[in-house]
Amino acid sequence: MITTDICIIGAGPVGLFAVFEAGLLKMRCHLIDYLPQVGGQLSEIYPQKPIYDIPGYPEIKAQELVDNLMDQIKPFKPTFTLGERVDHLAKQDDGSFIITTNDNTQVHAQVIVIAGGLGVFEPRKPVLENLDHFEGKGVAYMVKNPETFRNKKVVLAGGGDSALDWTIFLANVAERVTLVHRNETFRGAPDSAAKVFDLANNGKIDLILSANLKELNGNGKLSSIKLESKNKEELIIDTDYLIPLFGLSPKLGPIANWGLNIDKNAIEVDTRDYSTGVDRIYAIGDINTYPGKLKLILCGFHEAAIMMHSAFKYVYPDQKLSFKYTTVNGVNAF
Amino acid sequence: MVTFTVEDQEGNRQTIEAPDDMGLSLMEILKASEYPVLATCGGMALCATCHVEILDGQDELGDATDAELDQLENLPEYFPTSRLACQIRISPLLEGAVIKLRGEDN
């Protein structure tokens, strides 16, 4: 089990800056995010877009801001669990929490900070009747460990960059790769598309265009997929795995079940310290709501500073908190 | 002002009146009208959570742009009438249009 002072759920810009504010108060942080990289929507959705309302930066690219934040919090040695979703919080007798992810990673923390932005970026799922029946039994929405697919038959579905990139990658790993795409052409990176057509022309992969997923079959585990072409012809392919890659979409996810007050997909907080109604759980950034709330990164930074000063009493119950400026005291690394 | 009709995921229709001189997008008007539009990316045509279908008025409004298609292509399902609401300006072209919400909500 991982032991920390503060467990931050969400490694977007506000979750990252919260590590800095915690560090100034000698509190250690562990961050958990369902995305495989830090940065939240900045890295996932618009890494190259400029942001113009970060104080002190007339213009900064989203990914550059994330990289800078990672630099800024380095002295406080945060630890990360990426690619996992927090599913359960269990309150302990002493008031602390044990947090459990969908992969059974456990974190023991005195305080929980939800900096979850718009929620959990979940894969978009194709509309197929018995899809949930095969999830984890042949249907996977992301390639976490490519070795899983070594010498297996894999069908990928989708037409974006990730479908193209994984098709190219898995062509050298899997026994057979089939890419199913609803159109005749790809809108993803032209280089990747050309490479996929090359692989298909050389017989290294099967490329099935103008077709949609129609039906999954198998006895307990996926064994074949029925496709339907645009002119309604059906085709059945034997396979061990199906990887649908239709992008990600945010969902509030398990947060909805933690007994917090939720209003329109946001957590209601007390603006004195951004605490939720539940002792030792705070919410900062886009995930919270209060009268006058603005969903801005800079507001999240402000919330992080105030929130960490409030959380100090749970981590150091016997100490008195004194407010200090970094210009006076510097940044004292752990 | 322009007037158009919005059909929600349940098929309920409502007439909406919006100012056409404030540089607003259809996504912003849908959100302001309390429709469950996520608009994750805030209007940059980067997430497709404001996916709508133009049931009537497509001739005036035109087809999805390349930036929109890049996102729509990623969805499990989209249609020849699909657009991203964030890329549709509130303008006289919207007069009388019928818009169906397709974007996912929580």
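Rule-based calculations on the coordinates, nothing more; no lab input. None of the values given here were measured: they were computed from a predicted structure. All Cβ positions, glycine included, derive from the backbone under ideal geometry; neighbour counts span all protein chains shown.
Points to keep in mind about this one:
- The orientation-averaged projection of the convex hull spanning the C-alpha atoms of region A:231-334 amounts to 13.8 square nanometres.
- Taking the charge dipole of region A:125-246 about its Cα centre, with +1 at Lys and Arg Cβ atoms and -1 at Asp and Glu Cβ atoms, the residue from A:LEU164, A:ILE243, A:VAL196 reaching farthest to the positive side is A:ILE243.
- Under 15 Å from the A:LYS137 label point (7 Å along Cα→beta-carbon), backbone N, region A:236-271: A:240-242
- About the Cα centre, charge dipole magnitude for region A:125-246 (Lys/Arg +1, Asp/Glu -1 at Cβ), debye: 100
- Each DSSP beta bridge with both residues in region A:125-246 is either parallel or antiparallel, and the antiparallel ones are about 45%.
- Stokes-Einstein translational diffusion, region A:125-246 - Kirkwood Rh over all Cα pairs, 0.692 mPa s, 37 °C, in µm²/s: 231
- Charge sum, other residues only, whose C-beta stays under 13 Å from A:CYS29's C-beta, Lys/Arg counted +1 and Asp/Glu -1: +1
- Restraint check, A:LYS125/A:LYS204; A:LYS26/A:LYS324; A:LYS153/A:LYS204; A:LYS295/B:LYS31; A:LYS26/A:LYS295, Cα-Cα greater than 18 Å: A:LYS125/A:LYS204; A:LYS26/A:LYS295
- Under the Debye formula (equal points on every Cα, no solvent term), log10 I(q)/I(0) of region B:26-104 at q = 0.15 Å⁻¹: -0.43
- Each residue of region B:42-50 is assigned a 3J(HN,Hα), and the resulting list reads x, x, 9, 6, 10, 9, 6, 7, 10 Hz, derived from the Karplus form 6.51 cos²θ - 1.76 cosθ + 1.60 (θ = phi - 60°), x at Gly and Pro.
- Per-q log10 I(q)/I(0), region A:37-137, q = 0.10 Å⁻¹ (Debye; single scatterer per alpha-carbon; no solvent): -0.45
- Note on region A:147-186: with charges restricted to the Cβ of Lys and Arg (+1) and Asp and Glu (-1), its dipole about the Cα centre is near 220 debye.
- Of all beta bridges that DSSP places with both ends in chain A, some 50 percent have antiparallel geometry.
- Principal-axis analysis of the Cα atoms of chain A puts helix A:13-24 at an angle of about 30° to the longest axis.
- Here chain A is treated as an ellipsoid with the same Cα gyration tensor; its semi-axes, largest first and in whole Å, are 43, 22, 18.
- Nitroxide proxy distance, nm - points 7 Å out along Cα→Cβ at A:ASP318 and B:LEU55: 6.8
- Inter-chain shielding of B:75-81 (mean C-beta neighbours from other protein chains, 10 Å cut-off): 4
- Close amide H pairs (under 5 Å, H built 1.01 Å from N) link A:GLY188 with no residue at least 5 positions away or on another chain.
- In terms of other Cβ atoms within 10 Å, A:GLU147, A:GLU268 run from fewest to most in the order A:GLU147, A:GLU268.
- Shown in residue order for region B:75-80 are the 3J(HN,Hα) couplings computed by the Karplus curve 6.51 cos²θ - 1.76 cosθ + 1.60 at θ = phi - 60°: 6, x, 8, 8, 10, x Hz (x for Gly and Pro).
- Think of region B:2-101 as a dipole: +1 on every Lys or Arg Cβ, -1 on every Asp or Glu Cβ, centred on the Cα centre; then among B:VAL2, B:PRO92, B:LEU46, B:LEU46 lies furthest on the positive end.
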